[in-house]
Amino acid sequence: MRGSDVHGRWDLSGGWEDSPEYAAAGWRMALAGAVHEQRTARGWTEAELAEASGLSEELVERIECSGVDPTMDVLQALGRAFGADAALTLAEPDPGLRFVPRAAA
């Protein structure tokens, strides 16, 4: 199967913004980037993040490879590990997902 065959199944006639598949892939990529940024800033390995979050090492690897949807369970586990809240920004010019450190109480 050629890569163009896979993407050829997506109906982008209304523009990519209207494609649920494209939007879902974008959120998986946003999660992957945010997790990688936070993990490497701490100098953690994927195994260390897995231990800190209670997720499996395999799941952490899949997250960083854009293979996992940002579900509430995943975001909460990662937020606990990072001591942060997941922030989803939908508005332009900079939609995305970030982990925002929690304020000290």
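Checked against (1) of a type outside the set (Ser, Thr, Tyr); (2) exposed (fewer than 14 other Cβ atoms within 10 Å of the Cβ); (3) in contact with a strand residue (DSSP E or B) (Cβ under 6 Å, 6 or more places away or on another chain), Ala84 passes all but condition (2). Scanning the stretch 87-105 for residues that are of a type in the set (A, V, I, L, M, F, W, C), more than 16 Å from Ala23 (Cα to Cα) and surrounded by 14 or more Cβ atoms within 10 Å (Cβ to Cβ) turns up just one, Phe99. Do we find a residue being surrounded by 14 or more Cβ atoms within 10 Å (Cβ to Cβ), more than 10 Å from the chain's Cα centre (by Cα) and of a type in the set (A, V, I, L, M) anywhere in the stretch 58-69? Within the stretch 58-69, one or more residues are surrounded by 14 or more Cβ atoms within 10 Å (Cβ to Cβ), more than 10 Å from the chain's Cα centre (by Cα) and of a type in the set (A, V, I, L, M).
FYI, it's all coordinate maths here, none of it is from the lab. What you see is a predicted model; the values in this text were computed from it and never measured. Quick reminder, even Gly has a Cβ in these numbers, built from the backbone with ideal geometry, and neighbours come from all protein chains shown.
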